[in-house]
Amino acid sequence: MPDNIVLIMRFHPVGGEAVSVLSEDFGGEREALEAIAQALDERRSLVLTHARYDREAGQSGVIINLANVVSVRVSKTDSAATGQYL
């Protein structure tokens with residue numbers, strides 16, 4: 001089984017500033033998007049166990065409340081022109 005890759009996830013909440021999270025919880029963009037979509041469908045938070053906010057040095061567990069999130073971008077690179085939106 002291959003190692004998980006680092007994905008940049010940008011969560012855009014209603015009326016707020018976007019939050020960037022770097023996560024190693026998934027094997028790829030598609031897997032991450034499916035997990036986010038499932039959490040949205042089930043009206044629950046997204047739990048990441050190997051993540052860090054923006055450019056923090058240390059990893060930790062992160063829980064994202066998706067209740068007010070209007071879009072999510074997942075990509076392997078940090079660019080406004082890349083990645084998949086949910």
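The values are calculated or read from the model by the stated rules, or taken from the named source; none is laboratory data. Since the structure is predicted, the reported quantities are computational estimates derived from the model, not experimental observations. When we count neighbours, we look across all protein chains shown, and the Cβ atoms used for this are built from the backbone with ideal geometry, even at glycine. The accessibility values were calculated without ligands, DNA or RNA, using every heavy atom of the protein model including side chains. Shrake-Rupley method; radii C 1.70, N 1.55, O 1.52, S 1.80 Å.
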In segment 65-80, what residues are assigned to a strand (DSSP E or B) and either at pLDDT below 90 or of a type in the set (D, E, K, R) (or both)?
Arg73
Within segment 18-56, which residues are assigned to a helix (DSSP H, G or I), of a type outside the set (S, T, N, Q) and more than 10 Å from the chain's Cα centre (by Cα)?
Arg30, Glu31, Glu34, Ala37, Ala39, Leu40, Asp41
Which condition from (1) surrounded by 14 or more Cβ atoms within 10 Å (Cβ to Cβ); (2) over 17 Å from Ile5 (Cβ atoms) is the one that Ala57 breaks?
(1)
Could you grab the pairs with beta carbons closer than 6 Å, sequence gap of 6+ or different chains, first residue in segment 40-58 and free of Cβ contacts under 8 Å to residues at least 40 places away in the same chain, second one open to solvent by 70 Å² or more (accessible area, probe 1.4 Å) and of a type in the set (Val, Ile, Thr)?
Ser45/Ile63; Val47/Ile63
Residue count, segment 20-44, condition within 25 Å of Ala57 (Cβ to Cβ), open to solvent by 30 Å² or more (accessible area, probe 1.4 Å) and either basic (Lys, Arg) or out of contact with any His (no Cβ under 8 Å at 6 or more places or on another chain) (or both), comes to 2
